[in-house]
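*Asks:* I'd like to ask some things about the structure below.
The values are calculated or read from the model by the stated rules, or taken from the named source; none is laboratory data. A quick note: this is a predicted structure, and the numbers were derived from the prediction, not measured. Methodologically, a virtual Cβ is constructed for each residue, glycine included, from the backbone with ideal geometry; neighbour enumeration extends over all protein chains shown.
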Amino acid sequence: MKLLIGNKCYSSWSLRAWLLMRATGIAFEETLVLLDEPGFKETVFTEAPGSGGTVPTLVDGDIAIWETLAIAEYLHEKHPEAGIWPRERAARAHARAVSSEMHAGFTALRSACPMNLGKRYALRDRGPAVARDVERITAIWREARERFGRPGSGPFLYGTFTAADAMFAPVVARFDTYGIAVDAVSQSYMRAILSLPAYRQWLAAALSEPWIVAQDEVDEPVLVDLRQS
Ligand SMILES: N[C@@H](CCC(=O)N[C@@H](CS)C(=O)NCC(=O)O)C(=O)O
């Protein structure tokens, strides 16, 4: 299988699919297509004709799957042993619901705090709509951990790493780089994502990317630029 992804520093949707495959041990090769470059759509459509023209797109022979949740479902069908979704039905239903909520929502947070793994931002109040998103996201994390994160089963939302963790990984990154304060349960969950070897691998590659996209040029107080170049 081949996964088309965007720049690792910025592409939050690519991070979700890539992390899901890497953390669950599903073999794939990756093709990085530069965001904000003139040939982006042509490259995606050449690799995946008839797709939505976005990244991530998973290509498996003559099957192309765009949309991150559809990729998760495809992997769940193709690799039932990988634990893409939790094994227990109630946990699985919860994981799918919160993943859909993530996919469709939290637009205030997403537009106020675009994912940029290369910078650590100065603290500032990001307004009530962002605060509401943060409150809802951390409530989801606490509920998942309390109801389904059985002692000894692992530090992720449902114990072991699942698609729901992949869906929230870019939010964890944002809370970290934008210095957004969260409760103790959420902090401990964030540590689990941020220290996951697959996440560290993505981050290291993101920090060594030379490409800067337009979104990065917005006038935003930056505490630390983490990139080497
Ligand atoms: N709903 C899509 C969103 C994918 C998406 O918006 N990807 C962005 C990069 S993070 C993209 O491809 N942008 C380029 C474009 O839309 O032309 C999903 O779930 O995968």
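*Asks:* Please verify whether the stretch 79-97 includes one or more residues that are under 14 Å from the mean Cα position of the chain (by Cα) and charged (D, E, K, R).
*Replies:* Looking through the stretch 79-97, none of the residues is under 14 Å from the mean Cα position of the chain (by Cα) and charged (D, E, K, R).
*Asks:* On to the next question. Can you find a residue that is within 15 Å of the ligand (Cβ to nearest atom) and either surrounded by 18 or more Cβ atoms within 10 Å (Cβ to Cβ) or in a strand (DSSP E or B) (or both) anywhere in the stretch 77-93?
*Replies:* No - not one qualifying residue is present in the stretch 77-93.
*Asks:* With respect to residue 137, is the statement that it is in the same structural domain as residue 10 (by TED's automatic domain parsing) and of a type in the set (A, V, I, L, M, F, W, C) true?
*Replies:* no
*Asks:* Take the stretch 26-51 and flag every residue that is within 15 Å of residue 6 (Cα to Cα) and among the β-branched types (Val, Ile, Thr).
*Replies:* Of everything in the stretch 26-51, those that are within 15 Å of residue 6 (Cα to Cα) and among the β-branched types (Val, Ile, Thr) turn out to be 31, 33, 43, 44.
*Asks:* Hey, can you tell me all the residues within the stretch 122-164 that are in contact with a Phe, Trp or Tyr (Cβ under 6 Å, 6 or more places away or on another chain) and free of Cβ contacts under 8 Å to residues at least 40 places away in the same chain?
*Replies:* 133
*Asks:* Step by step: first the residues of the stretch 61-75, then only those that are near the ligand (Cβ under 10 Å from one of its atoms) and surrounded by 17 or more Cβ atoms within 10 Å (Cβ to Cβ), then the one that is farthest from residue 105 (Cα to Cα). Which residue is that?
*Replies:* Only one residue tops the list, namely 65.
*Asks:* Of the residues 131, 82, which single one is of a type in the set (A, V, I, L, M), touching a Gly at 6+ places or on another chain (Cβ under 9 Å) and modelled with pLDDT of 95 or more?
*Replies:* 82
Every residue, every condition in (1) of a type in the set (Ser, Thr, Tyr); (2) part of a helix (DSSP H, G or I), yes or no:
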| position | (1), (2) |
| --- | --- |
| 123 | no, no |
| 129 | no, yes |
| 141 | no, yes |
| 153 | yes, no |
| 187 | no, yes |
| 190 | no, yes |
| 210 | no, no |
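*Asks:* Just to be sure I understand the filter: pairs with C-beta atoms under 9 Å, separated by 6 or more residues or on different chains, first member in the stretch 48-60 and surrounded by 20 or more Cβ atoms within 10 Å (Cβ to Cβ), second member modelled with pLDDT under 95 and of a type in the set (S, T, N, Q). Which pairs pass?
*Replies:* Pairs that qualify, where the first residue is surrounded by 20 or more Cβ atoms within 10 Å (Cβ to Cβ) and the partner is modelled with pLDDT under 95 and of a type in the set (S, T, N, Q): there are none.
*Asks:* Looking at residue 203, is it within 30 Å of residue 77 (Cα to Cα) and in contact with a His (Cβ under 9 Å, 6 or more places away or on another chain)?
*Replies:* Taking the combined requirement at face value, the residue does not satisfy it.
*Asks:* Taking the stretch 29-47 only, how many residues are more than 8 Å from the ligand (Cβ to nearest atom), closer than 17 Å to residue 67 by Cα and either touching a residue at least 60 places away in the same chain (Cβ under 8 Å) or assigned to a loop (DSSP other than H, G, I, E, B) (or both)?
*Replies:* Final tally of qualifying residues: 1.
*Asks:* Out of curiosity, is residue 25 within 24 Å of residue 83 (Cβ to Cβ), more than 11 Å from the ligand (Cβ to nearest atom) and of a type in the set (Gly, Ala, Ser)?
*Replies:* Considered against the rule, which asks whether it is within 24 Å of residue 83 (Cβ to Cβ), more than 11 Å from the ligand (Cβ to nearest atom) and of a type in the set (Gly, Ala, Ser), residue 25 comes out as yes.
*Asks:* So residue 151 ticks every box in (1) at pLDDT 95 or above; (2) over 23 Å from residue 207 (Cβ atoms) but one. Which box is left unticked?
*Replies:* Result: residue 151 passes all but (1).
*Asks:* A further question on this structure: How many of the residues in the stretch 188-204 are surrounded by 13 or more Cβ atoms within 10 Å (Cβ to Cβ) and among the polar types (S, T, N, Q)?
*Replies:* 2
*Asks:* Only one of 102, 115 is out of contact with any strand residue (DSSP E or B) (no Cβ under 9 Å at 6 or more places or on another chain), in a helix (DSSP H, G or I) and surrounded by 19 or more Cβ atoms within 10 Å (Cβ to Cβ). Can you tell me which?
*Replies:* 102
*Asks:* Quick one: which residue in 109, 123 is closer than 26 Å to residue 9 by Cβ and modelled with pLDDT under 95?
*Replies:* One residue alone meets the criteria, 123.
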